[in-house]
Amino acid sequence: MTQIVAVTASSAGEAHSHLAAEALKKTAEALGHALKAEAASGNGQGTPLSAADIAAAELVIVGADQAIARDRFRGLPVYAVSTSEAIRNTELVIKNALMLLETAPAQIKTTPHPADPQPDDPLSDAASPDTASAEGKFLVGITSCPTGIAHTFMAAEALKQGAAKLGYTIKVETQGSVGAKNQLSEADIARADAVIIAADTHVDLGRFQGKPLYETSTKAAMKDAPSELKAALQTPAPAPTASGDRAYADQVKQAKAERSEKRSGPYKHLLTGVSYMLPVIVAGGLIIALSFVFGIEPEEGTFGAALSQIGGGAAFALIVPVLSGYIAFSIADRPGLAPGLIGGMLAANLGMGFIGGIVSGFLAGYVAKLVRDRVNLPANFEGLKPVLVIPLLATLVVGLLLVYVFGGPVRYLMDGLTAFLEGMGSTNAVLLGLILGGMMAVDMGGPVNKAAYTFAVGLLSSNLYGPMAAVMAAGMTPPLGLAIATFVAKKRFNQAEQEAGKVASVLGISFITEGAIPFAANDPIRVIPACVAGSAVTGALSMLFDCTLRAPHGGIFVLAIPNAVEHVGLYIVAIAAGTLVTTLTVMQLKRFSNLGGAKAQTT
């Protein structure tokens, strides 16, 4: 039997405080424990716990909606929740508090908002700052549970207290119902000795590559945090690879990661939406292309009609909502997803196209963020915010703005753009291809490249496939042209570049333009103009040949899928021509450089 003391203080009044106290008493008795409670109203009145009660206690439960003085509980583990949680989930509260007895050298909190108004309680003597630097170990972690409320924050606090007990330092990112809090930076991850993931839901682990990674559950973290932290530090790091090919691939990957880290603001949010939209377009576009094997307009009830319904009727209908939803998600985290998706579907229904999806995504994200940060509810109702208040208010605001303000102008703009692209002559088509192709090679995955790519991808939702073909072909030529140049003119490249050329060829046929970045970084004055020239030629030829592409990615492998690319032979010619231009141009520029260096030496 565990001796427990509890303090309840509700902002709703003394009756609510007594209700929470009685619920804790009765439930503790039913579970075989002894609990003495102190119930106070919002003004602090009530019968206090005696010094003897506190001295005999092994555990403290605080059910409060306001700050409670805790000096008298120093040395005892304190488990804090709101009064409403203590009333609704009394048994769970007591069981979770008991679980923390094994690991709590100091005060353990459940949810800093709104359940615990004191998120920064001082540590007890057992976990003083003097011991925190004993071994100098630094860890990073993520906690997440299905509901994203109590257990997420409870596990985070248990890990913090466990780390303090062991003399470690830890930074924990909580992925809760109101989004990610205390987010880990690249610098945090880089200096961490180990990573611990205490989660009962999916967590993206991509940013922790190369680090010792230990995965566990929130329950295990709450039950024995020190043991889990020790296990994380004992986890071996992934074995490094030393091959030249792998080293070059890592260079490319690092360059992409650095560019991703630099993205911020609207640019970052837009690219987040595009990245989530791409798989939908790829699946839908290729399935539509496969349906053409059975005829351009297959009869109802046939297999071809089923494929068309899956690709065009279902997948393509989700393009704009997914784009909008994940732009909003990037801005406001999970609270922005629902209004973003609904706003995107409304934009599609209003004929606003991908531009409408972008508008609705930014509207939904910033409105949801505003509601989340500025609308304050009583503590008892704070839990309704992410599931009711934010989705309702944000969806209403975004929907009304789209219908009455942005719908007409954006639809007019999209119709005009579609009509222009469908009716333009060969000269305008070549010019457009020239511009889009050159943009793909200017910064090889940077903002200019992504602007051209996003424009082409967005047009797929309006059944305009020509710009997409030009953009993908133009994005393939820089690494392909450089790869061939390292093979044909080996003397103009050092040994490392010659080895890198082998990997660049694979990246090129896979439509990974960033494969040319290491070359451009070493010699930008000669490499970048050569790449721009080749990509511009490829883009112009693709548009001139009236080539179309129904998938926004896949490189040369998409060519094997029936009807994915129109005029496949001419499309290959366009890619080959641009690749040749890049190869010859970079060779010639390198030659001029070598000649200039030789003349300088003779003089």
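The values are calculated or read from the model by the stated rules, or taken from the named source; none is laboratory data. These figures come from a predicted structure and were not determined experimentally. Here Cβ is always computed from backbone atoms with ideal geometry, including for glycine, and neighbour counts include all displayed protein chains. Accessible surface areas use protein heavy atoms only, side chains included; no ligands, DNA or RNA. Shrake-Rupley method; radii C 1.70, N 1.55, O 1.52, S 1.80 Å.
Miscellaneous remarks
- One residue stands out among those in segment 1-18 that are touching a helix residue (DSSP H, G or I) at 6+ places or on another chain (Cβ under 9 Å) and surrounded by fewer than 19 Cβ atoms within 10 Å (Cβ to Cβ): the one that is modelled with the highest pLDDT, which is Q3.
- Checking A516, A485 one by one, the residue that is modelled with pLDDT of 90 or more, among the hydrophobic types (A, V, I, L, M, F, W, C) and on the phi < 0 side of the Ramachandran plot is A485 and no other.
- Residue within segment 176-196 that is under 23 Å from P391 (Cβ atoms), open to solvent by 20 Å² or more (accessible area, probe 1.4 Å) and at pLDDT 85 or above present: yes
- If you go through segment 463-491 and keep only what is closer than 14 Å to S542 by Cα and either in a helix (DSSP H, G or I) or touching a Phe, Trp or Tyr at 6+ places or on another chain (Cβ under 8 Å) (or both), you end up with G466, P467, M468, A469, A470, V471, M472, A473, A474, G475, M476, T477.
- Scanning segment 382-396 for residues that are open to solvent by 60 Å² or more (accessible area, probe 1.4 Å) and in contact (Cβ under 8 Å) with a residue 12 or more places away in the chain gives V387, L393.
- Restricted to segment 359-374, and to residues there that are of a type outside the set (A, V, I, L, M, F, W, C) and in contact (Cβ under 8 Å) with a residue 40 or more places away in the chain, the residue that is farthest from M345 (Cα to Cα) is R372.
- Selected residue (only one of A315, A283, A239, A232 is aliphatic (A, V, I, L, M), more than 30 Å from K450 (Cα to Cα) and modelled with pLDDT of 80 or more): A232
- Breaking point among (1) crowded, with 24+ Cβ neighbours inside 10 Å; (2) in contact with a Leu (Cβ under 7 Å, 6 or more places away or on another chain), for V430: (1)
- Number of positions in segment 397-423 that are β-branched (V, I, T) and surrounded by 14 or more Cβ atoms within 10 Å (Cβ to Cβ): 4
- Highlighted here are the helices (runs of 4 or more DSSP H) found entirely within segment 273-355 that include at least 3 residues which are surrounded by fewer than 24 Cβ atoms within 10 Å (Cβ to Cβ) and not aromatic (F, W, Y): 303-308, 337-349.
- Test: residue in segment 206-222 that is open to solvent by 70 Å² or more (accessible area, probe 1.4 Å), farther than 13 Å from S144 by Cβ and in contact with an Asp or Glu (Cβ under 6 Å, 6 or more places away or on another chain): no
- Condition check for L580 on (1) over 15 Å from A456 (Cα atoms); (2) crowded, with 24+ Cβ neighbours inside 10 Å: one failure, at (2).
- The set of residues in segment 4-24 being in a helix (DSSP H, G or I), out of contact with any Gly (no Cβ under 9 Å at 6 or more places or on another chain) and closer than 22 Å to A52 by Cβ consists of E22 alone.
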